[in-house]
Ligand code: ZN
Ligand code: MN
């Protein structure tokens, strides 16, 4: 029997704990004043501190600390009143100090949680800790002859979010990552730009299986530096199968140590790198150059006050307050700016349901086709509300409003009234003009008129469509319907 055949039975359960590294949204680095701007020429954003020169003194970035505490509070963590930084020693060519400043036994927070929604219901993923550390540099491999090192990234503030090993399916992994990212966007603590490596994940994974009534566990693999959610999901699916095969071959946690592996995106496989270091290998010790940080009530309260309404609370409120469907609320809340736009629109229109249709269907369609973000969208809520009220007052047809007029407003950046004028699409509600159009259509389609008169009531929709076409969408549909019914019966 091949391993692939066994896998289809899925006789194992996976257990994943995730370490997310999130680049915080600060202008300067974690322990020096160098800028954090992405894309600068190599080694232009460095100074003696982040280059690790002897004798320099690091100074903690207060804003980075606050952003990490803000995130920890949102994840329901306990905040440490006294916390400190430690040196984590390792030798790597892109780490000039030969240690990373991180937090070891006194992290700034611990014991939180993040609730996620899955097809199997709500799941609670424990958060072991949120702590602060600094990024390393980047090796640029220039062919086989040489590697160059770019230290611009060295010392950039990173927040590490460590989950409990509570993730047991790829769906849970996906929901955890997506919920966490959305929360970070709402908190405004990171740009969350995946292309610029703002969020990277390491994962610890093992699989468990039943063996004669007892559960056996595979060794643990740590997969390093996955820089997209899809890479993370693919790597975990791959590694779970690989570990399950090894477990069936009798390779268990009791007999084999942890292993550090990398994800090879091109080949779609994980590759062994080294046996996993234990904490003792890092020779952690308190950084003597950095004073412990003491949090008082006032500082904590100030940070707590910065936390906005978070996605879960917002979803609940949108359903209850506006009577929208879970689906529509999901679409709105998944983009903080879109949800803000919607709420602005509702303030102006006092009509949540119609506003929701406009935003989730027509605004989103235009954003997608133009590849714009909500903040780049030229039509702000006020002019859109104006357009909606023109539809309500039957000054324009809804079809014209949702297509041509909206497009003119976007292209010309003008008010609804000006766009209607420009497009020549003011709705025709003048009875005599409409009567002429209706008469013309009745004259053109004698066969359909006869069908209607012999009882096929549905034909009226075809005739209405023809009148709308005749008037280039400008006819008041209700008046057309009434006129047609009158003239045909
Ligand atoms: Zn620096
Ligand atoms: Mn780390």
* **Stokes-Einstein diffusion coefficient of the stretch 330-445, Kirkwood radius over Cα pairs, 20 °C, 1.002 mPa s, in µm²/s** => 141
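Express the relative contact order of the chain as a whole percentage, based on alpha carbon pairs under 8 Å and six or more residues apart in sequence. Provide the component values of the computation, followed by the final result.
Details: 833 pairs, mean separation 63.0, N = 489.
Over the chain, the number comes to 13 percent.
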* Ratio of Rg to Rh over the stretch 431-488 (Cα coordinates, Kirkwood Rh, two decimals) -> 0.93
* Asked: For residue 389 and residue 120 in the same chain, what is the full-extension length gain: residue separation times 0.36 nm, less their Cα-Cα distance, in nm?
  -> 92.6 nm
* To do: Can you check how the C-alpha radius of gyration of the stretch 1-146 compares to 2.2 N^0.38 Å, as a plain ratio?
  => 1.38
* **Tilt relative to the chain, helix 431-444 - C-alpha long axis, 0 to 90 degrees, to 10** => 90
* Inter-centroid distance (Cα atoms) of the stretch 96-150 relative to the stretch 390-449, Å -> 57
* **the stretch 153-248: radius of gyration over Cα atoms, expressed as a fraction of 2.2 N^0.38 Å** => 1.25
* To do: Count the DSSP beta bridges whose two residues both fall in the stretch 3-302, then state the antiparallel fraction as a percent rounded to the nearest 5.
  => 95
* Asked: On average over all directions, what projected area in square nanometres does the stretch 266-382 have, based on the convex hull of its Cα atoms?
  -> 15.1
* Find how much the distance from residue 269 to residue 178 grows on full extension, using 0.36 nm per residue of separation minus their present alpha carbon separation; answer in nm with one decimal. => 30.4 nm
* To do: Mind jotting down the distance between the C-alpha centroids of the stretch 190-248 and the stretch 287-351, whole Å?
  => 31
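List the equivalent ellipsoid semi-axes of the chain in whole Å, largest first, each obtained as the square root of 5λ for an eigenvalue λ of the Cα gyration tensor.
Equivalent-ellipsoid dimensions as semi-axes: 57, 30, 21 Å.
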* Asked: On a 0 to 90 degree scale, rounded to 10, what angle separates helix 477-488 from the longest Cα axis of the chain?
  -> 40
* Mean separation of Cα pairs under 8 Å and 6+ residues apart, divided by the residue count of the stretch 164-282: what relative contact order is that in percent? -> 21
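Computed from the coordinates by the stated procedures, all read-outs in this text should not be read as laboratory data. Small disclaimer: the values here were computed from a predicted structure and weren't measured.
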